[in-house]
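Student: Dumping the structure here so I can ask a few things about it.
The values are calculated or read from the model by the stated rules, or taken from the named source; none is laboratory data. Bear in mind the structure is a predicted one, so any value in this text is a computation, not a measurement. Backbone-built Cβ (ideal geometry, glycine too); neighbour counts: all protein chains shown. Side chains included, ligands, DNA and RNA excluded: accessible areas come from the protein's heavy atoms. Shrake-Rupley method; radii C 1.70, N 1.55, O 1.52, S 1.80 Å.
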2 protein chains.
Amino acid sequence: MSVAKAGEFGLIARVIARLPVGSSALLGPGDDAAVVKAADGRVVASTDVLVEGRHFRRDWCTAKDVGHRAAAANLADIAAMGATPTALLVALCVPANLDARWAEELADGLGEEAALVGASVVGGDMSGSTTLTVAVTALGDLQGRSPVVRTGARPGDVVAMCGRVGYAAAGYTVLSRGFRTPKVLVDAYRRPEVQYGAGPEAADLGATAMIDVSDGLLADLGHVAKGSGVAVDLRRDAFEVPRQMRDAAYALGVDPYTWVLAGGEDHALAATFPEGVALPPRWRVVGAVREGTGVTVDGKPFNGPTGWQHF
Amino acid sequence: MSVAKAGEFGLIARVIARLPVGSSALLGPGDDAAVVKAADGRVVASTDVLVEGRHFRRDWCTAKDVGHRAAAANLADIAAMGATPTALLVALCVPANLDARWAEELADGLGEEAALVGASVVGGDMSGSTTLTVAVTALGDLQGRSPVVRTGARPGDVVAMCGRVGYAAAGYTVLSRGFRTPKVLVDAYRRPEVQYGAGPEAADLGATAMIDVSDGLLADLGHVAKGSGVAVDLRRDAFEVPRQMRDAAYALGVDPYTWVLAGGEDHALAATFPEGVALPPRWRVVGAVREGTGVTVDGKPFNGPTGWQHF
């Protein structure tokens, strides 16, 4: 059944029926607004939008994949402040001929990804549009912590990273060349695996700055460097290129470090810590903060694209 | 300069520079997420999306008008819960050839409307898209009140309304027939005048149910009737059709009660109150809650369209 046939209110009812309600939702979907717990008297909030043809393709990703990705992009932003996500709101714009099941499966993906952190979809809106668009807002709870912003990095800090980089970009390149394997790369593009818990963990460890790597490590650390008025130098040998990525890069004629250093959408967390902090194993030291400006690799500018622009 | 030439980060910087920061914004735009006060340990949140060609036309409304409308639609949802808005987040999808000034003026409209209630734009996202789309999320503070939901109306309650109805629908009809006057109607369509303070006021007066009239009074009271398991009967003589609306209706061959009873987007607030509550003058009693189901006018079904669907 097309969304036009299901009708706006019919489709909303079908979608709401599939969504689990999380423990932070004091009032879930169905009213003018939702009510969500904000236990420490503050709420963290972030919005990200996915547009068909720019951020996803329906022939590359299932609706459920898109739901996972849209949720992950937003939940990672909450984690990157040192907070725990509590809720999602979703504005969905759909072509009239879209199968209503696509919207339902999108909701399943959003709900499942949110459930990984105990959050849930608490509200949203739907409209017709010629362009399939998913705009998500995530809310989160700092649980008494100070937010970890982009402006706090200081010369002498170490730069560390938690999570994968380059996988989603490699998967995107593989798909855009018409291939469907290696599966590990394509799956990483379809559904990022985000270390959400590492965000609050980094805050508790005294991270001086933190960012969600969504535009690429060089671009995002560039935001940290600019915001903090410092330079960041990465060590190329801190980034191991896994075998399947190396093989795919060789087959496709790509420098795999372009994926690793400039590829976004794995939603790794990058943070700066005071020198000497004992980091748990999932955090890898990949560089250092210096006096100066800009981001370098082994002391030199990186020779390649540095991140994604969305126009 | 086109948005493509300004670039994603350039345009974001230009827009952020124009946005005032409200007192509830503990951390405003520019980081992974914003941090907003939620003083009573809860946050109210709602999302509404406006799509060009469906919710607005660039030849009918300035960018600033669209900003006002997009903000108003969301802020009214917060008010309709009995809460005071604190913050907006905005996802903006723009065609590459859009003039960057359009985005800047949109931000001005969003910021000005939010400032009416002491709120501000705290974050957002931007993407290219073939369809100009503005998705807004509003946050609000219940200040210790219980949220006023749609499910609390009881037989014997009075139905009251605060704000205008029919003006925006009349203005839309006027514009769609190629006219630009009467100004009062066209302006009402371009920038709704919402009685935001009436939301918390109604909650404090003991409102049993409340809703933002965005789909039309009959449709929205239908949501209250269905949610509460009651019937709502409106008195036609409670709705005075102002002269300019009556004249426009006559000239265009429209029943003005279709605008008043089925027209959305003025964002009036409709609420139910226990019988005998003394209401301030801006609240007008327009009907009563009965046992039963559905919405009637003078005891009979309304003979005309009952509201807007968005596909």
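Student: Mind listing whichever residues of region A:204-231 are part of a loop (DSSP other than H, G, I, E, B), among the aliphatic types (A, V, I, L, M) and within 20 Å of the chain's Cα centre (by Cα)?
Tutor: Here is the first cut: in region A:204-231, the residues part of a loop (DSSP other than H, G, I, E, B) are A:205-208, A:214-216, A:229-230.
After this cut, where a residue has to be among the aliphatic types (A, V, I, L, M) as well, the list is A:205, A:207, A:230.
Matches in region A:204-231: A:A207 only.
Student: Based on this model, can you work out whether A:A80 counts as within 13 Å of chain B (Cβ to nearest Cβ) and of a type in the set (A, V, I, L, M)? Write out each step before concluding.
Tutor: On the way: within 13 Å of chain B (Cβ to nearest Cβ): yes; of a type in the set (A, V, I, L, M): yes.
The answer is yes for A:A80.
Student: Which of the following residues is over 22 Å from B:L89 (Cα atoms) and more than 8 Å from every other protein chain (Cβ to nearest Cβ): A:G111, A:G171?
Tutor: Numbers: A:G111 fails: over 22 Å from B:L89 (Cα atoms).
Only one candidate passes the filter, namely A:G171.
Student: A follow-up question, please. If I ask for residues that are open to solvent by less than 20 Å² (accessible area, probe 1.4 Å) and either of a type in the set (K, R) or part of a loop (DSSP other than H, G, I, E, B) (or both), which ones from region B:173-193 would you list?
Tutor: B:P192
Student: A further question on this structure: So, of the residues in region B:219-235 that are open to solvent by 10 Å² or more (accessible area, probe 1.4 Å) and within 14 Å of another protein chain (Cβ to nearest Cβ), which turns out to be nearest to B:S46 (Cα to Cα)?
Tutor: B:H223
Student: Give me a count of the residues in region B:42-60 that are closer than 28 Å to A:G140 by Cβ and either of a type in the set (S, T, N, Q) or surrounded by fewer than 19 Cβ atoms within 10 Å (Cβ to Cβ) (or both).
Tutor: Total satisfying the criteria: 2.
Student: Right, B:R54: of a type in the set (K, R) and more than 8 Å from chain A (Cβ to nearest Cβ) or not? It would help to see each step written out before you state the result.
Tutor: Working: of a type in the set (K, R): yes; more than 8 Å from chain A (Cβ to nearest Cβ): no.
For B:R54, the condition - of a type in the set (K, R) and more than 8 Å from chain A (Cβ to nearest Cβ) - is not met.
Student: Would you confirm whether or not region A:8-20 contains a residue that is under 24 Å from the mean Cα position of the chain (by Cα) and either open to solvent by less than 10 Å² (accessible area, probe 1.4 Å) or within 12 Å of another protein chain (Cβ to nearest Cβ) (or both)?
Tutor: no
Student: Mind checking whether some residue in region B:208-216 is among the charged types (D, E, K, R), surrounded by fewer than 24 Cβ atoms within 10 Å (Cβ to Cβ) and modelled with pLDDT of 95 or more? Break it down stepwise before answering.
Tutor: Within region B:208-216, the subset among the charged types (D, E, K, R) is B:212, B:215.
After this cut, where a residue has to be surrounded by fewer than 24 Cβ atoms within 10 Å (Cβ to Cβ) as well, the list is B:215.
The next check asks that each one be modelled with pLDDT of 95 or more; those that pass are none.
The answer is no, given that none of the residues of region B:208-216 is among the charged types (D, E, K, R), surrounded by fewer than 24 Cβ atoms within 10 Å (Cβ to Cβ) and modelled with pLDDT of 95 or more.
Student: Is it the case that some residue within region B:247-259 is within 14 Å of another protein chain (Cβ to nearest Cβ), at pLDDT 95 or above and open to solvent by 50 Å² or more (accessible area, probe 1.4 Å)?
Tutor: Here is the first cut: in region B:247-259, the residues within 14 Å of another protein chain (Cβ to nearest Cβ) are none.
Scanning region B:247-259, I find no residue that is within 14 Å of another protein chain (Cβ to nearest Cβ), at pLDDT 95 or above and open to solvent by 50 Å² or more (accessible area, probe 1.4 Å), so the answer is no.
Student: Something else now. Taking A:V285 and the conditions (1) within 27 Å of B:A4 (Cβ to Cβ); (2) open to solvent by 40 Å² or more (accessible area, probe 1.4 Å); (3) in a strand (DSSP E or B), which numbered condition does it fall short on, given that it satisfies the others?
Tutor: (1)
Student: Working only within region B:26-41, note down all residues that are surrounded by fewer than 24 Cβ atoms within 10 Å (Cβ to Cβ) and either facing another protein chain (nearest Cβ under 7 Å) or part of a strand (DSSP E or B) (or both).
Tutor: The first filter runs over region B:26-41 and keeps only residues surrounded by fewer than 24 Cβ atoms within 10 Å (Cβ to Cβ), leaving B:26-30, B:37, B:39-41.
Those that are surrounded by fewer than 24 Cβ atoms within 10 Å (Cβ to Cβ) and either facing another protein chain (nearest Cβ under 7 Å) or part of a strand (DSSP E or B) (or both): B:L26, B:L27, B:K37, B:A39, B:G41.
Student: Consider B:V3 against the criteria (1) within 30 Å of B:R180 (Cα to Cα); (2) more than 9 Å from chain A (Cβ to nearest Cβ); (3) buried (at least 16 other Cβ atoms within 10 Å of the Cβ); (4) hydrophobic (A, V, I, L, M, F, W, C): it satisfies all of them except one. Which criterion is unmet?
Tutor: Here B:V3 clears every test but (2).
Student: Then there is this: Yes or no: A:E201 among the acidic types (D, E), modelled with pLDDT under 95 and not in a strand (DSSP E or B)?
Tutor: Values: among the acidic types (D, E): yes; modelled with pLDDT under 95: no; not in a strand (DSSP E or B): yes.
Answer is no for this residue.
Student: Next question, about the same structure. With respect to A:S146, is the statement that it is within 24 Å of B:G123 (Cα to Cα) and either open to solvent by less than 50 Å² (accessible area, probe 1.4 Å) or outside any loop (DSSP other than H, G, I, E, B) (or both) true?
Tutor: Values: within 24 Å of B:G123 (Cα to Cα): yes; either open to solvent by less than 50 Å² (accessible area, probe 1.4 Å) or outside any loop (DSSP other than H, G, I, E, B) (or both): no.
No, not satisfied.
Student: Then there's this: Every residue in region A:90-127 that is under 17 Å from the mean Cα position of the chain (by Cα) and assigned to a helix (DSSP H, G or I), please.
Tutor: Result: A:L106, A:G109, A:L110, A:G111, A:E112, A:E113, A:A114, A:A115.
Student: Quick one: is B:T137 in contact (Cβ under 8 Å) with a residue 40 or more places away in the chain, more than 15 Å from B:D48 (Cβ to Cβ) and within 14 Å of chain A (Cβ to nearest Cβ)? Steps first, please.
Tutor: Numbers: in contact (Cβ under 8 Å) with a residue 40 or more places away in the chain: yes; more than 15 Å from B:D48 (Cβ to Cβ): no; within 14 Å of chain A (Cβ to nearest Cβ): yes.
Here the answer is no, as B:T137 does not meet what is asked.
Student: In region B:140-162, what count of residues is obtained for those that are farther than 25 Å from B:R191 by Cβ and away from chain A (no Cβ under 14 Å)? Spell out how you get there, then give the answer.
Tutor: Step one: list which residues in region B:140-162 are farther than 25 Å from B:R191 by Cβ, which gives B:142-159.
If we keep only those that are away from chain A (no Cβ under 14 Å) too, we end up with B:154-159.
Total satisfying the criteria: 6.
Student: Still on this structure, please answer the following. Checking the condition away from chain B (no Cβ under 14 Å) and open to solvent by less than 40 Å² (accessible area, probe 1.4 Å), which residue from A:V165, A:V122 passes?
Tutor: Working: A:V122 fails: away from chain B (no Cβ under 14 Å).
Selected residue: A:V165, the only one of A:V165, A:V122 that is away from chain B (no Cβ under 14 Å) and open to solvent by less than 40 Å² (accessible area, probe 1.4 Å).
Student: So which residues in region A:42-65 are assigned to a loop (DSSP other than H, G, I, E, B) and aromatic (F, W, Y)?
Tutor: Step one: filter region A:42-65 for residues assigned to a loop (DSSP other than H, G, I, E, B), giving A:53-55, A:57-62.
Listed by number, the list holds a single entry, A:W60.
Student: Considering only residues that are open to solvent by 20 Å² or more (accessible area, probe 1.4 Å) and charged (D, E, K, R), look in region B:89-107 and name the one that is nearest to the other protein chains (Cβ to nearest Cβ).
Tutor: Only one residue tops the list, namely B:D99.
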